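What follows draws every value from the coordinates through simple rules; no lab data is involved. All figures in this text were calculated on a predicted structure; none of them were measured in a lab. Neighbour counts are summed over all protein chains in view; Cβ atoms, including those assigned to glycine, are modelled from backbone coordinates with ideal geometry.
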Number of protein chains: 4
Amino acid sequence: MREIQVHELKRVELKNPVMIEGLPGVGNVGKLVVEHMIEELKAEKIIEIYSWYFPPQVFVNEDGTVRLCKNEIYAWKSPKLDMLILSGDQQSITNEGHYLLTETYLDIAQRYGVSRIFTLGGYGIGHLVEEQKVIGAANDRELVEEMKNFGIEFMEEEPGGSIVGASGLLLGLGKMRGIPAVCLLGVTSGYLVDPKSAQAVLRVLCRILGIEMDMQALEERAKEMERVVERLKKMEQAQAPVRMDEELEYIR
Amino acid sequence: MREIQVHELKRVELKNPVMIEGLPGVGNVGKLVVEHMIEELKAEKIIEIYSWYFPPQVFVNEDGTVRLCKNEIYAWKSPKLDMLILSGDQQSITNEGHYLLTETYLDIAQRYGVSRIFTLGGYGIGHLVEEQKVIGAANDRELVEEMKNFGIEFMEEEPGGSIVGASGLLLGLGKMRGIPAVCLLGVTSGYLVDPKSAQAVLRVLCRILGIEMDMQALEERAKEMERVVERLKKMEQAQAPVRMDEELEYIR
Amino acid sequence: MREIQVHELKRVELKNPVMIEGLPGVGNVGKLVVEHMIEELKAEKIIEIYSWYFPPQVFVNEDGTVRLCKNEIYAWKSPKLDMLILSGDQQSITNEGHYLLTETYLDIAQRYGVSRIFTLGGYGIGHLVEEQKVIGAANDRELVEEMKNFGIEFMEEEPGGSIVGASGLLLGLGKMRGIPAVCLLGVTSGYLVDPKSAQAVLRVLCRILGIEMDMQALEERAKEMERVVERLKKMEQAQAPVRMDEELEYIR
Amino acid sequence: MREIQVHELKRVELKNPVMIEGLPGVGNVGKLVVEHMIEELKAEKIIEIYSWYFPPQVFVNEDGTVRLCKNEIYAWKSPKLDMLILSGDQQSITNEGHYLLTETYLDIAQRYGVSRIFTLGGYGIGHLVEEQKVIGAANDRELVEEMKNFGIEFMEEEPGGSIVGASGLLLGLGKMRGIPAVCLLGVTSGYLVDPKSAQAVLRVLCRILGIEMDMQALEERAKEMERVVERLKKMEQAQAPVRMDEELEYIR
């Protein structure tokens, strides 16, 4: 075991693909989006990444087998657009690991001639979200302007904000390698896994990429979540003690 | 001192041994089982493992001497079955160390031609256990099926669960080396050192391995523990303040 | 990405410059001073330092673009005095990183023939400051005496005190390389970003360096801060709940 | 700067010296003892040890100068006995550092042909100590017996106890190199810097080494501490809120 181990399962030919990152984070927004995309697009897993920067644990699959904590890269080809999708169980649990894993993702991006990176995540505001919104940041001034056309708000009124983890570092370290990269953050409470925010992010992303995608599955999870939130609100009004843990199991 | 130092005390010949791991963890279940096995089988210590991933401390023996924090491997030979048993004072206290120590255990397993690994531990449920149960996971689909024949429940209804530390990583990293491995977890409260759960795990393990073992010692510790639990329950009913620390000294 | 990466943007000729360090810390005093100096003196950025010892994040600029967490070195030349100014987003978040980053700053100092280092920071006393004061420490006995002439109090009555981070290590590790270094700490509450304390430090520093500088900008921030403190005091008297976060936004 | 840097200030000839370690720890007992010894014996500093495993800080001396956090070794020669004394500002703040610094101390011990190591510390019992007592542990069975003759109690009734940090590791790692080593722990509350416990340890140590030493200075600090403890007790009886911080300043 080396600190980061890249297992290439399959070598595919891609034409200037875009890379989409959706690792676990606030509201699990990014991960929900890319998991949905992988399923809908039937993207193909081509790379597994293992690392001692991930937690020292295995996850138990539905069939009783286990799998090591890992990150994965999927490929998708279409006449119009090729894509690499980065998904995974966890982000690094050390500082150094965040930097080194991001460099690994960028090495892969460069090997495949990635033309642009989109990193996806959630932006926690500490209270329930009234209106779905997607805010953004980019590693290039022109890219900021281009993205504004898609209704993304840029955090100009909030300078000094920061983006932690792979979603941020892919922009920062990506710039050093000359790869244009945009971060799209769905506004979310920060308390709940948020498929509704994920839907908002996916919608914007599809518009940017010029692709269409069935959102049924995310829609259903979002509705389920809304029901939970409604119940939470009622319970709060009734001042009954809220048993968050149990409730949340429905929407995980 | 290197990061991990393997002291081979004795070289033995073993025939496709199984490896049993029982390092400290939830309810100390795994450690109780392997300590009992080492004593009952009169297994022989053949390897000591020192590492700066273990806590920087020495333990004081009964005779006033000290020993460095370490892990140990014992060997046992019989006409029917050979065995390596991994026991120890502590698990790694860093993330990286968990991965690297597990690789060390696997190096030793491969050197001895280990045919199968059993990792033992506890599965904490947060309340007192009514009925002893052993749940499992394996790094191979066929192994899951085989183990079901021994009454082990697999966590199929609970996907997303995870196994932390050596008990999990030996399965995950073992798979990469093609070594079949099973994890057996005794259900336990998670609050107490649990010889009763250890007994349940040992019973299943003996059945799987086709060996018999006197359980007297574990039985006695389990009875002692039951008395403590009874007292705890009564005190709880009487709403008297429970002095856990003192009570627990009896069963450590 | 190496652990510390020094990007030299421009090579300038300097004549035995002094180095001024003002990285984030107590009351942000040091950072406020050097940011003011860089602006007033129109100092030129010559070096960027990236490191995986900085937090794994990017900061969002006002125009929606991002920048990697970094430290920077600016140069300033004048007929009378040349200067290197060390500023930055963060200090190291690991122990080892503090030492290694400081060694990097000293490597740069030596490459430019730095004749003396001034490290700037705040000294938190846990309550509002009545009278502005600058206390000091130095890595050389003669330097202590020299500095006393400028009204700096030395912590002689308080032996056993310590200076954490780059402001301290530049003195300690600087001494090993024979570079004289002084630390100037503005006394501050430790609770608030403190432009008033920064002003006091800058005033003393200008006197020592024999330069003059417009303090208007710092003055204004200090006045703003005083208004906030006044409001805080009143609210405290009225025993109204103080919303620190909101208040502080004005003076960040 | 390397991870551990040994600065040899002076090379002395010693004849099978004993090594005495007294680094900061519980009740600062070990450090109080060796500081007293260094002063009383007028031992000579021969080695300074710097390391990035120490906290990233400098300490301010009484004259306003600073010194890097470090450990030091002093030498003392007498017709009857030669000695190396290990003192210092701090212990390692990482796990790995504890092991590597201890190896460094042992390297030095071996270079000087150290015949025996004594590590000194405190053993916190969580309440005020009625009767001074010194308990011990050793890395050799014969050494345990030998030490019992000096009235040291061995923790035989308390197996499973552990000794953390350099005081423990010097025994454990020392054994691997064949260096006999004893740990002497003064029983102490664990809440206060404890010169009284230090006195008890020093007394036993002098008896073992067959040397005499003036204890006036420690005696005075112990008396001062007793006065503070008396005051604390009275305040406790009066149920007045105890301002520990202030009180403790007297005896630091």
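Need one value for D:169-181: mean number of C-beta atoms belonging to other chains within 10 Å of its residues' C-beta atoms.
3
Provide D:Cys206, B:Cys69 in ascending order of the number of other Cβ atoms located within 10 Å of each residue's Cβ, fewest first.
D:Cys206, B:Cys69
Picking from C:Leu101, B:Val26, B:Met147, whose Cα lies most toward the positive end of the charge dipole for the protein assembly as shown (charges on Cβ: Lys, Arg +1; Asp, Glu -1)?
Positive-most Cα among the choices belongs to C:Leu101.
Taking the beta-carbon count within 10 Å as an exposure proxy, list C:Val33, B:Val129 from fewest neighbours to most.
Listing C:Val33, B:Val129 from fewest to most nearby Cβ atoms yields B:Val129, C:Val33.
Using a/c under 1.5 as the rounded threshold, could you call the protein assembly as shown rounded, prolate or oblate? The axes a ≥ b ≥ c are square roots of the C-alpha gyration tensor eigenvalues, and prolate needs a/b larger than b/c, oblate otherwise.
Oblate, because a/c is 1.5 or more while a/b does not exceed b/c.
Mean-square fluctuation check for chain C, GNM, Cα pairs under 10 Å: which of C:Glu212, C:Glu35, C:Glu153 is largest?
Judging by the Gaussian network model, the answer is C:Glu212.
Under the classification rounded if a/c is under 1.5, otherwise prolate if a/b is larger than b/c and oblate if not, where does segment C:158-233 fall, given a ≥ b ≥ c as square roots of the Cα gyration tensor eigenvalues?
oblate
Identify which of C:Ser197, C:Ser78, C:Ser115 has the largest mean-square fluctuation in a Gaussian network model of chain C, with springs joining Cα atoms closer than 10 Å.
Maximum among the listed residues: C:Ser78.
Where does helix C:29-41 land angle-wise versus the long Cα axis of chain C, in degrees 0 to 90, nearest 10?
70
Pick from D:Asp140, D:Asp63, D:Asp107 the residue whose mean-square fluctuation is largest in a GNM of chain D, springs joining Cα atoms under 10 Å.
Highest fluctuation of the listed residues: D:Asp63.
Cross-link candidates for A:Lys233: which aspartates and glutamates have Cα within less than 18 Å, leaving aside residues fewer than 8 places away along the same chain?
A:Glu130, A:Glu131, A:Asp194, A:Glu224, A:Asp245, A:Glu246, A:Glu247, A:Glu249
Which of the lysines could be linked to B:Lys80 by a straight reach, that is with a Cα gap under 27 Å, when you skip same-chain ones fewer than 8 residues away?
Candidates past the 8-residue exclusion: B:Lys10, B:Lys15, B:Lys31, B:Lys42, B:Lys45, B:Lys148, B:Lys175.
³J(HN,Hα) across segment B:131-141 via Karplus (A = 6.51, B = -1.76, C = 1.60, θ = phi - 60°), whole Hz, x for Gly/Pro?
In residue order, the calculated couplings are 10, 4, 8, 10, 10, x, 8, 8, 9, 7, 4 Hz.
Only four residue types carry charge here, +1 at the Cβ of Lys and Arg and -1 at the Cβ of Asp and Glu. Report the dipole size of segment B:4-215 about the Cα centre in Debye, rounded to the nearest 20.
So the magnitude is around 480 debye.
For segment B:43-64 and segment C:27-79, what is the centre-to-centre distance using only Cα atoms, to the nearest Å?
A separation of 49 Å, based on Cα centres.
Can you show me the helix-derived [θ] at 222 nm for the protein assembly as shown, built from DSSP H runs with n ≥ 4 at -39,500 (n - 2.57) apiece and divided by the number of residues, rounded to the nearest 500.
The per-residue figure over the protein assembly as shown is -11500 deg cm²/dmol.
What's the magnitude of the charge dipole for the protein assembly as shown around its Cα centre, counting Lys and Arg as +1 and Asp and Glu as -1 at the beta-carbon? Answer in Debye, nearest 20.
The calculation lands at about 1780 debye.
Between the label point of A:Ser115 and that of the same position in each other copy, find the distances and list them shortest first in nm, with every label point placed 7 Å from Cα along the Cα-to-C-beta direction.
5.7, 5.7, 8.1
Using alpha carbons only, how many degrees (0 to 90, rounded to 10) separate the axis of helix D:195-209 from the longest principal axis of chain D?
The angle comes out near 40 degrees.
To make sure I understand, if each residue's beta carbon is the centre and we count other beta carbons within 10 Å, what order do A:Val66, A:Val187 fall in, fewest to most?
The most exposed by this proxy come first: A:Val187, A:Val66.
Counting only other chains, and only Cβ atoms inside 10 Å, what mean value do you get across the residues of D:102-109?
Counting Cβ atoms of other protein chains within 10 Å of each residue's Cβ and averaging gives 1.
What share of Cα pairs, in percent, lie more than 25 angstrom apart in chain A?
Result: 44 percent of Cα pairs exceed 25 Å.
For label points placed 7 Å from Cα toward Cβ, what is the shortest-first list of nm distances from B:Arg177 to its copies?
3.2, 3.2, 4.5
Compute the orientation-averaged projected area for segment D:53-138 from the convex hull of its Cα atoms and round it to one decimal in nm².
Averaged projected hull area, Cα only: 9.3 nm².
Averaged over B:116-122, how many beta carbons belonging to a partner chain fall within 10 Å of each residue's beta carbon?
Neighbouring Cβ atoms belonging to other protein chains average 0 per residue here.
Checking a compactness column here: for segment D:92-215, what do you get for Rg(Cα) / (2.2 N^0.38 Å), N being the number of residues?
Ratio of Rg to 2.2 N^0.38 Å for segment D:92-215: 1.06.
Rg/Rh for segment C:1-57 to two decimals, with Rh computed the Kirkwood way over all alpha-carbon pairs.
1.00
Please give the helix B:95-111 orientation as an angle from the longest Cα principal axis of chain B, in degrees from 0 to 90, rounded to the nearest 10.
Once rounded, one gets 50 degrees.
Since chains B and D are linked by a rotation, which residue in B has the beta carbon closest to its axis, and how far is it in Å?
Nearest Cβ to the rotation axis, residue and whole-Å distance: B:Thr94, 6.
Just round it to a whole percent: the fraction of Cα-Cα distances in segment D:1-146 exceeding 24 Å.
36
Which distances in nm, rounded to one decimal and ordered from shortest, link the label point of A:Glu226 to the equivalent label points in the other identical copies, with labels set 7 Å from Cα toward Cβ?
Nearest to farthest, the other copies are at 5.5, 5.5, 7.8 nm.
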